Each structure stands twice: as structure tokens, then as C-alpha cells.
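Accompanying notes for the structure given below.
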Amino acid sequence: MRLEGKRAVVTGAGQGIGRSIALKLASLGGHVAVVDVNLEGAETVAGEIAGAGGTAKAYKLDISKADEATEVMKEVVADLGGIDILVNNAGITRDNLIIRMSPDDWDRVIRVNLNGAFNCIRAVARTMMSQRYGRIVNISSIIGQVGNIGQANYAASKAGLIALTKTAARELGPRGITANAVAPGFIETAMTETLSDKVKEDFAAKIMLRRLGSPDDVANVVAFLASDEGSYVTGQTVNVDGGMVW
Ligand code: NAP
């Protein structure tokens, strides 16, 4: 699998799964725009890539802001000459039971996780259409398929991402653009480290491979979907969950 010279944007790449995806795409020869609301994190990751001999630049973007997304994608196109790969990875949680969830917590999660991906796809679609080439990968979650107690906002946003992916695949396919979703299960990152040992053990018991996932497990599948080897796969959701949901 090679991505020599392919121009890639990864959102939420300042840490966790996004960081692993950015490092992986760069290790395969991609030129990576490391995008995050936290510029310091993005700069650190861009520095790691450069240190390993790759090509990367950090950009600050809050993906929930449509105008900001348009501006930053324009900047990336000016810097790299185009965008071949968009990985919509940035996401947040604001967990609570429905009866206790504030409308603000509902809105914020939908605005970041779902609107954010829409904002970025909208901002790169014309560029990819004129190139007649593009790879869009949206990071969903198995929670978007089965729901989870305390995560109504998150589950709805991740289910919405699957529908957004299928629609993007239909609208953009005729222009040579694929759109797929990756649905991780339980991956060890900052997002999951605050969970209690009991919750982690309960999750682990449901995983057929009997181990939690790593960010690299997700990055490997994203790299395949972003590569030419994945060129005949579109509109799909690939679960990367060690065998939790099927
Ligand atoms: P993470 O460690 O919390 O990293 C998420 C990154 O996104 C952070 O750098 C965060 O910056 C950034 N971010 C947050 N809001 C943003 C915004 N509005 N605009 C741009 N960047 C923003 O999360 P992760 O575990 O790596 O998860 C990455 C993706 O995988 C998410 O979409 C998540 O839902 C999905 N996922 C994770 C798991 C898992 O088990 N970890 C499972 C299924 C799906 P700040 O830290 O400054 O907020």
C-alpha cells in the first residue's frame, strides 16, 4: 500500500486515533494536513511526522464552524495543490442519560461529530470533483449501530455519519470519489481512559479477540480505504472492533 504524494487531511489529528492515522498516511508517503482544534497537539504530531522524514503541516480548525472549515481547506489546497484524502476523525463525547442530558450537550456533540464532518466534506468536495479523484473516510463508531446507555447524542451523531457516508458515496461516486465509514469498537485513547475498570472489563468480555483495540488498528483500515487498493470500496462501514458487533 503506497500513498506517494497523496494530499491528505486528517481532523482531530492532535492525539489518539487521528494522530495514528496521520502518522500512518505519512509513513506511506502521503503529505498530511494535521488538523485539530488544539493547534499545539497538531504541531507536535506534524513535528513527529517531519522527524520521521515525512511531510506534514499543522492547521487549527474547529470543525463545527462551517466558515472556518471552508477557509482552512482553502489554505490546505493553496499549500498542497489539492486534497486527495479527507479523514473526518475529530469527535467528542458529553455523556449522560437522556433524562439528564442538557440540550447544550446534545447540540455540541451533534455539531462537532456530525455537522463537523459535513462541513469538511462540503469544503473539499468541489476540489475532489474537479480532480476526479478523492477518498473520504468518516470515523463513526459501533455505538452508532447499537446505541449505548448514556450516549444518545454520541450514538445519534455516529449513526448520522453512516448515512452521510452513504449519501456522499452516491453523490460523489460518479466523479471518482469513494466515501466509507470506519466504526471502531473500544480503542485505548484519552476518550476511553476515564472509564472505570469495571466498564472496561465489561467491554473486553464482549470482544471476541479478548483485547482492547489500539489507534493503529484503526489507522491500518483507514489507510487501506484511502489507498488505491481500496478503490472499488464505497458506501461501506467497516467495523474495527475485535468482533463485538456484526
Ligand atoms: P480523542 O483522543 O479525544 O481525540 C480527539 C481529537 O479531536 C482531540 O485532539 C480533540 O482536541 C480533537 N477535537 C475535538 N473537538 C474538535 C473540533 N471541534 N474540531 C477539531 N478537532 C477537535 O479521541 P479518540 O479516541 O482518538 O477518537 C477519535 C475518533 O474516533 C472520534 O471521532 C471518536 O468518536 C471515534 N471513536 C473512538 C473510539 C474509542 O474507543 N476511542 C471508539 C469509536 C469511535 P481536544 O483534545 O483539544 O478537544
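What to note about this one:
- Count of segment 164-179 residues which are outside any helix (DSSP H, G or I) and surrounded by fewer than 21 Cβ atoms within 10 Å (Cβ to Cβ): 1
- Residue 10 being in contact with a helix residue (DSSP H, G or I) (Cβ under 6 Å, 6 or more places away or on another chain) and either closer than 19 Å to residue 78 by Cα or within 11 Å of the ligand (Cβ to nearest atom) (or both): yes
- One residue stands out among those in segment 141-196 that are of a type in the set (Ser, Thr, Tyr), in contact (Cβ under 8 Å) with a residue 60 or more places away in the chain and in contact with a helix residue (DSSP H, G or I) (Cβ under 7 Å, 6 or more places away or on another chain): the one that is nearest to the ligand (Cβ to nearest atom), which is 189.
- Residue that is in a helix (DSSP H, G or I) and surrounded by 17 or more Cβ atoms within 10 Å (Cβ to Cβ), where the choices are 182, 221, 199: 221
- Of residues in segment 210-244 being modelled with pLDDT under 95 and within 15 Å of the ligand (Cβ to nearest atom), the one nearest to residue 136 (Cα to Cα): 212
- Per-region count, segment 85-101, residues within 12 Å of the ligand (Cβ to nearest atom) and either of a type in the set (A, V, I, L, M) or more than 17 Å from residue 158 (Cα to Cα) (or both): 3
- In segment 36-65, residue nearest to the chain's Cα centre (by Cα) [restricted to those that are in a loop (DSSP other than H, G, I, E, B) and within 15 Å of the ligand (Cβ to nearest atom)]: 63
- Evaluation of residue 112 against the conditions (1) over 19 Å from the mean Cα position of the chain (by Cα); (2) within 16 Å of the ligand (Cβ to nearest atom) shows that the sole unmet condition is (1).
- Conditions (1) over 28 Å from residue 122 (Cβ atoms); (2) surrounded by 13 or more Cβ atoms within 10 Å (Cβ to Cβ): number failed by residue 153: (1)
- Boolean, residue 75 is part of a helix (DSSP H, G or I) and within 14 Å of the ligand (Cβ to nearest atom): no
- For segment 202-218, a residue qualifies if it is assigned to a loop (DSSP other than H, G, I, E, B) and either touching a helix residue (DSSP H, G or I) at 6+ places or on another chain (Cβ under 9 Å) or without any contact (Cβ under 8 Å) to a residue 12 or more places away in the chain (or both), and the qualifying residues are 210, 211, 212, 214.
- Any chance residue 5 is within 9 Å of the ligand (Cβ to nearest atom) and either surrounded by fewer than 24 Cβ atoms within 10 Å (Cβ to Cβ) or within 22 Å of residue 189 (Cα to Cα) (or both): no
The values are calculated or read from the model by the stated rules, or taken from the named source; none is laboratory data. It should be emphasised that the depicted structure is a prediction, and the values quoted were computed from it without experimental measurement. Cβ atoms come from the backbone with ideal geometry, glycine included; neighbour counts cover every protein chain shown.
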